[in-house]
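A short write-up of the structure that comes next.
The values are calculated or read from the model by the stated rules, or taken from the named source; none is laboratory data. Because the structure is a prediction, the values reported are computed rather than measured. Here the Cβ positions follow ideal geometry from the backbone for every residue, glycine too, while neighbour counts run over all protein chains shown. To get the accessible areas, we keep the full protein, side chains included, count just its heavy atoms, and leave off ligands, DNA and RNA. Shrake-Rupley method; radii C 1.70, N 1.55, O 1.52, S 1.80 Å.
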Amino acid sequence: GGGGANGGGGGWTPLAATFSQFMGRFGQLTNALSLLLSYFGFPRLLRTLGLRRTLLLFPTLLAVVTAAAYLALPLNLPLLFGSMSLLKAASYSVNDPSK
């Protein structure tokens, strides 16, 4: 008997605990960056660049991060972690207030 998605008796495995810790840190960093960008960064950008140019920052940032992750620095996990947090935070900060 026993079961569960991880094949054990329903308890935590070291891999599941590590993944949960990773996702927790990812969520914390993303939310902190989103808060900072929403409060300090994007209102200033909207005033100086305007809505159109500010909205164009996200696809530009996405292209730069993709090029860095796949071409310049492949398999660099800290880069991927930070860039994914930054992109997700930028998405929250830019897209929600501009609606």
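Being under 18 Å from Met84 (Cα atoms) and either in contact with a strand residue (DSSP E or B) (Cβ under 9 Å, 6 or more places away or on another chain) or among the aliphatic types (A, V, I, L, M) (or both) is the filter here; which residues of the stretch 23-54 pass it?
Those that are under 18 Å from Met84 (Cα atoms) and either in contact with a strand residue (DSSP E or B) (Cβ under 9 Å, 6 or more places away or on another chain) or among the aliphatic types (A, V, I, L, M) (or both): Met23, Leu29, Ala32, Leu33, Leu35, Leu36, Leu37.
Return the pair list, or none, for Cβ contacts closer than 6 Å from residues in the stretch 11-31 that are in contact (Cβ under 8 Å) with a residue 40 or more places away in the chain to residues that are open to solvent by less than 100 Å² (accessible area, probe 1.4 Å) and of a type in the set (A, V, I, L, M, F, W, C), at least 6 apart or on different chains.
Sorted first by the residue in the stretch 11-31, then by its partner, the pairs are Thr30/Ala89.
So is Ala67 at pLDDT 85 or above, open to solvent by less than 80 Å² (accessible area, probe 1.4 Å), assigned to a helix (DSSP H, G or I) and aliphatic (A, V, I, L, M) or not?
So Ala67 passes the test.
If Asn95 passes every condition in (1) open to solvent by less than 70 Å² (accessible area, probe 1.4 Å); (2) on the phi > 0 side of the Ramachandran plot; (3) modelled with pLDDT under 80 but one, which one does it miss?
All conditions pass for Asn95, except number (2).
Among the residues of the stretch 37-74, write down those that are under 18 Å from the mean Cα position of the chain (by Cα) and in contact (Cβ under 8 Å) with a residue 40 or more places away in the chain.
Residues satisfying the conditions are Leu37, Ser38, Gly41, Phe42, Leu55.
Can you find a residue in the stretch 10-22 that is at pLDDT below 85 and touching a strand residue (DSSP E or B) at 6+ places or on another chain (Cβ under 8 Å)?
yes
Of the residues Phe19, Phe42, which single one is touching a helix residue (DSSP H, G or I) at 6+ places or on another chain (Cβ under 7 Å) and surrounded by 10 or more Cβ atoms within 10 Å (Cβ to Cβ)?
Numbers: Phe19 fails: touching a helix residue (DSSP H, G or I) at 6+ places or on another chain (Cβ under 7 Å).
So the residue among Phe19, Phe42 that is touching a helix residue (DSSP H, G or I) at 6+ places or on another chain (Cβ under 7 Å) and surrounded by 10 or more Cβ atoms within 10 Å (Cβ to Cβ) is Phe42.
Out of the residues in the stretch 23-64 that are assigned to a helix (DSSP H, G or I) and either small (Gly, Ala, Ser) or in contact with a Lys or Arg (Cβ under 6 Å, 6 or more places away or on another chain) (or both), which is nearest to Leu75 (Cα to Cα)?
Here is the first cut: in the stretch 23-64, the ones assigned to a helix (DSSP H, G or I) are 23-49, 51-64.
Retained after the next criterion (residues that are either small (Gly, Ala, Ser) or in contact with a Lys or Arg (Cβ under 6 Å, 6 or more places away or on another chain) (or both)): 24, 27, 30, 32, 34, 38, 41, 63.
Details: Gly24: 21, Gly27: 21, Thr30: 21, Ala32: 25, Ser34: 25, Ser38: 30, Gly41: 29, Ala63: 17 Å.
Within the stretch 23-64, the match that is nearest to Leu75 (Cα to Cα) is Ala63.
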